[in-house]
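Visitor: Mind having a look at this structure? Questions to follow.
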Amino acid sequence: MKSLSAADDTKPVDAHAKKDSDETTVEPRLQVYFGSNIVQVTAFARALKAAQLRKFDLDDIKIAEASVAENDREGSRLWQLVAHASSSSPVSAWVWPFIHRRINTLVGAQVDLSQEPPSQIMSYVITAISGALLGENRLHAKRAENDLRLAIAWLIERRNADVADIAAQVYHIFVGAEGCVEDRVRRAVSIGSKAELLASIAAIHLVNDQILAAKHERDVERRERFDLKGTLDEQRERAARYKEVIHRLEDEKAELERQLEEEKTRAESDRRHHAHSSTQRQADVSTSLQRVKGLIVDAAEAVQIAMKRADEGSLRGLQAAERRIISAIDAITGIGK
């Protein structure tokens, strides 16, 4: 067996050491990542993590953004960096506003990306990149593809766009005719790469979840509609009963009003009758009193005549009788008034 020399023993070690050195000496600056030399995104992400950087320096950002158009014409480096946006604070702080501006460059600055519905923004993007995406220039097609993917990532992450809506808008770009969908999925699951298998299984699972959720919502809606119909029927029956009660009460009210009018008429008639009877009774009493008064006056005159002829003892008695008679006349006169 051939023995290894010292040089042979150290060569592999030197090669790995050089590789590790290259990865660990990446500067955590955005202008380095978008510089003329290609930097692996994983190495750049590790450098950012090691530096515990929270935000990129403004001068660094200015230089990097100027380098993107020259060194990342297709947008591939930018797309790779987006994958690390959620786990890297400085990347997230810079990349989403940058993509926001990039989308506005595609669809026009007059489009308010914070107010327009995500589906409408997606439609604007598709219209803007369709020509380049379907054209023969491979560089332009690749850039259009990355712009589309960047727009989708921004809409989902920053505008919470519905994945199903996005898929419905772009499926014809990546899949083609609807009849090809099932064949593509079957091929990806059966003989595709691991990434295709995982993506297809995840998509199928997502679709199944959405179907189950839709069925659940449909069942809930049916139950609610059935319950609402039952409640509505009860309300209608109750309204019908209330209507009958209202009609009965209205009839009773009309009857009571009629009886009240009759009672008022009767009371007025009784009042007039009693007033007439009282007047007649008063007249009768007055007539009787006048008759009694006349008799007593006659009696008083008779007493006066007797007083002229009586002796002194009888005179006193007659005088007393006269006073009583006069008092009776006065009393009768007062009653008659």
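The values are calculated or read from the model by the stated rules, or taken from the named source; none is laboratory data. This structure is a prediction, so every number in the text was calculated from the model and none was measured. Don't worry about glycine lacking a Cβ; one is built from the backbone with ideal geometry, like all the others, and counts go over all protein chains shown.
Visitor: Give me the pairs: first residue in segment 99-119 and closer than 25 Å to residue 72 by Cα, second residue aromatic (Phe, Trp, Tyr) and not in a loop (DSSP other than H, G, I, E, B), beta-carbon distance under 8 Å, and six or more apart or on different chains, which are they?
Guide: 99/154; 100/154; 103/154; 106/124; 107/124; 108/124
Visitor: Do the conditions hold for residue 61, that is, is it modelled with pLDDT of 95 or more and either aliphatic (A, V, I, L, M) or not assigned by TED's automatic domain parsing to the domain that holds residue 94 (or both)? Spell out the reasoning first.
Guide: Details: modelled with pLDDT of 95 or more: yes; either aliphatic (A, V, I, L, M) or not assigned by TED's automatic domain parsing to the domain that holds residue 94 (or both): yes.
Criteria met by residue 61.
Visitor: Which is at pLDDT 95 or above, surrounded by 14 or more Cβ atoms within 10 Å (Cβ to Cβ) and either farther than 18 Å from residue 87 by Cα or β-branched (Val, Ile, Thr) (or both), of 34, 56? I'd like the intermediate steps shown before the answer.
Guide: Numbers: 56 fails: either farther than 18 Å from residue 87 by Cα or β-branched (Val, Ile, Thr) (or both).
After ruling out the rest, the residue left standing is 34.
Visitor: Using beta carbons and a limit of 8 Å, which pairs, at least six apart or on different chains, have the first residue in segment 127-155 and without any contact (Cβ under 8 Å) to a residue 24 or more places away in the chain and the second one surrounded by fewer than 17 Cβ atoms within 10 Å (Cβ to Cβ) and in a loop (DSSP other than H, G, I, E, B)?
Guide: Cβ pairs passing all conditions: 141/134; 141/135.
Visitor: For the subset of segment 97-115 comprising residues that are over 31 Å from the mean Cα position of the chain (by Cα), closer than 17 Å to residue 127 by Cα and among the aliphatic types (A, V, I, L, M), which member is surrounded by the fewest Cβ atoms within 10 Å (Cβ to Cβ)?
Guide: So the residue we want is 109.
Visitor: In addition: Within segment 147-176, which residues are part of a loop (DSSP other than H, G, I, E, B) and small (Gly, Ala, Ser)? Even if it seems obvious, please write down each step before you answer.
Guide: At the first step, the residues of segment 147-176 found to be part of a loop (DSSP other than H, G, I, E, B) are 159-162, 175-176.
Selection gives 161, 176.
Visitor: Within segment 273-282, is even one residue without any contact (Cβ under 8 Å) to a residue 40 or more places away in the chain, in the same structural domain as residue 331 (by TED's automatic domain parsing) and not in a helix (DSSP H, G or I)?
Guide: Let us first name the residues in segment 273-282 that are without any contact (Cβ under 8 Å) to a residue 40 or more places away in the chain, namely 273-282.
Now drop any that are not in the same structural domain as residue 331 (by TED's automatic domain parsing), which leaves 273-282.
From the residues that got through so far, the ones that are not in a helix (DSSP H, G or I) too are none.
No, segment 273-282 has no match at all.
Visitor: Could I ask something else about it? Test each condition in (1) among the charged types (D, E, K, R); (2) at pLDDT below 95; (3) surrounded by 15 or more Cβ atoms within 10 Å (Cβ to Cβ) for residue 136 and report the one that comes out false.
Guide: Residue 136 satisfies all of (1) among the charged types (D, E, K, R); (2) at pLDDT below 95; (3) surrounded by 15 or more Cβ atoms within 10 Å (Cβ to Cβ) except (3).
Visitor: Residue 74 is checked against (1) within 28 Å of residue 122 (Cβ to Cβ); (2) acidic (Asp, Glu); (3) free of Cβ contacts under 8 Å to residues at least 60 places away in the same chain and fails just one. What number does that condition carry?
Guide: (3)
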